[in-house]
2 protein chains.
Amino acid sequence: MAVITPETILDAYRFRHACKVFDPDKKIPDDLFRTILESGRLSPSSFGFEPWRFLIVQNPELRQKLLPVTWGAQRSLPTASHYVVILARKTPSMIWSSEYITHMMRDVHHLPPEAVEARRQKYRRFQEKDFRLLETPRALFDWAGKQCYIALGNMMTTAAMMEIDSCAVEGFEADALERIMAEEFGIDTETFGVAVMAAFGYRIDSPKPKTRQRLESIVEWL
Amino acid sequence: MAVITPETILDAYRFRHACKVFDPDKKIPDDLFRTILESGRLSPSSFGFEPWRFLIVQNPELRQKLLPVTWGAQRSLPTASHYVVILARKTPSMIWSSEYITHMMRDVHHLPPEAVEARRQKYRRFQEKDFRLLETPRALFDWAGKQCYIALGNMMTTAAMMEIDSCAVEGFEADALERIMAEEFGIDTETFGVAVMAAFGYRIDSPKPKTRQRLESIVEWL
């Protein structure tokens, strides 16, 4: 494996910024966008359950439907080369007893039947006791959403390493967007909800200087 | 900026796996671990509010205190070169009216006073209406936690790019861990809670082959 130097890595994190408007004439080449998607796919998730799905919204009419409920992407929705809605799984597929969890353990992780049951019980304790995820449907959905943010972060970092810009989009009306997902995008909103969205493309404006707390303010050695 | 090739990037994602036990004799060089922390620090967060804090737990006695409540790190806690507890901020510092939010906008983002107030109202609407984050304290904490998972993902990816192994750790009893944070780690648990933990170091075992759903199962083009 080719090791990448610290400076090269950090240059990518410095390159990345919340890009609010993109060059409408510049498209991300297919192989590079596929690399972005692959880094989402290869992201880790709790128990390896990959509670995500990626909608790549390229149809201008569908983007238009998102516009009225997505104040955080007024300029990126019409200009992004690629616009991604990241869906997170809800209770019907994420609860320990679900078909989806069985499918993941049996068909994706290739666990033998007795290991499936042992792992299911471990996951059940985790959901019921350790993290109390079954307290409300929201708690479980938010937990699935957290895993999606790992994929989101990786996709933006991968983009930056290829000098592709991006912007995570949380600026939307969640309930109204969910209705649009059901009515216009054909999404089964019993099973999936929008975790977050992300726009990808190429900048036209110079970014403002990055602001962050100093490392000493956020790190404590014990 | 040095652009990194798709294959080099994907090699790092393929290199990364959930490393459950580390070589106890191999320490991550300081400059490389600092690069990992920097990639956490430079990670994006909603509104740029950086709702995270990183505890680097190197004291073996403190690691021992985590052991009874952290079933997911039984072998990594004693062997990791660096063990990180990622704290997420709770309501007292994340609510729109808080001192911390004012501090971030004024002293870190360097917004002028009128922009601070405009942005605060936008954030308030987002919290109250768009995402209904003030529904329960848990909803707001989980939302701060999501931002932490972006940093978590980036830190693991950065590590992999330098051939450093890692493992995210969600296998803990949240309530019991919180008490230990208050009593043994001196954390103000009104303001901070544990979002997730992560171990870093160097593998001694060969990883199992990576399992994932195919890209076609998780991506839909619209």
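The values are calculated or read from the model by the stated rules, or taken from the named source; none is laboratory data. Just so you know, these numbers come straight off a predicted model, no measurement behind them. So basically every Cβ, Gly included, is an ideal-geometry build from the backbone, and we count neighbours across all protein chains shown.
Could you pull out the residue among A:D107, A:D188 that is under 17 Å from A:G48 (Cβ atoms), more than 7 Å from chain B (Cβ to nearest Cβ) and of a type in the set (D, E, K, R)? I'd like the intermediate steps shown before the answer.
Numbers: A:D188 fails: under 17 Å from A:G48 (Cβ atoms).
The match here is A:D107.
B:S93 passes all but one of (1) under 28 Å from B:C167 (Cβ atoms); (2) away from chain A (no Cβ under 12 Å); (3) in contact (Cβ under 8 Å) with a residue 12 or more places away in the chain; which number fails?
For B:S93, the exception is condition (1).
Give me the residue from the range B:191-222 that is polar (S, T, N, Q) and in a loop (DSSP other than H, G, I, E, B) and, out of that set, farthest from B:E50 (Cα to Cα). I'd like the intermediate steps shown before the answer.
Of the range B:191-222, the ones polar (S, T, N, Q) are B:191, B:206, B:211, B:213, B:217.
Applying the additional criterion that residues be in a loop (DSSP other than H, G, I, E, B) yields B:191, B:206, B:211, B:213.
Details: B:T191: 14, B:S206: 35, B:T211: 32, B:Q213: 32 Å.
Residue satisfying both the conditions and the ranking: B:S206.
Is it the case that A:V84 is among the aliphatic types (A, V, I, L, M), buried (at least 19 other Cβ atoms within 10 Å of the Cβ) and within 11 Å of chain B (Cβ to nearest Cβ)? Don't jump to the end; show me each part of the working.
On the way: among the aliphatic types (A, V, I, L, M): yes; buried (at least 19 other Cβ atoms within 10 Å of the Cβ): yes; within 11 Å of chain B (Cβ to nearest Cβ): yes.
So A:V84 passes the test.
Given the conditions (1) under 24 Å from the mean Cα position of the chain (by Cα); (2) over 27 Å from A:L10 (Cβ atoms); (3) free of Cβ contacts under 8 Å to residues at least 24 places away in the same chain; (4) not in a loop (DSSP other than H, G, I, E, B), which single one is not true for B:A115?
For B:A115, the exception is condition (1).
Looking at the range B:13-22, is at least one residue under 25 Å from A:T5 (Cα atoms), of a type in the set (D, E, K, R) and at the interface with chain A (Cβ under 8 Å from one of its Cβ atoms)?
Within the range B:13-22 (the criterion being under 25 Å from A:T5 (Cα atoms), of a type in the set (D, E, K, R) and at the interface with chain A (Cβ under 8 Å from one of its Cβ atoms)), the answer is yes, since at least one residue qualifies.
If you take the residues in the range B:125-184 that are of a type in the set (V, I, T) and crowded, with 23+ Cβ neighbours inside 10 Å, which one is nearest to the other protein chains (Cβ to nearest Cβ)?
Applying the filter and picking the extreme gives B:I150.
What about A:W52, is it more than 8 Å from chain B (Cβ to nearest Cβ) and of a type in the set (F, W, Y)? Walk me through how you get there before you give the answer.
Details: more than 8 Å from chain B (Cβ to nearest Cβ): no; of a type in the set (F, W, Y): yes.
The answer is no for A:W52.
Quick one: which residue in A:I187, A:I218, A:I150 is under 16 Å from A:T70 (Cβ atoms) and either at pLDDT below 95 or β-branched (V, I, T) (or both)?
Details: A:I218 fails: under 16 Å from A:T70 (Cβ atoms); A:I150 fails: under 16 Å from A:T70 (Cβ atoms).
Of A:I187, A:I218, A:I150, the one residue that is under 16 Å from A:T70 (Cβ atoms) and either at pLDDT below 95 or β-branched (V, I, T) (or both) is A:I187.
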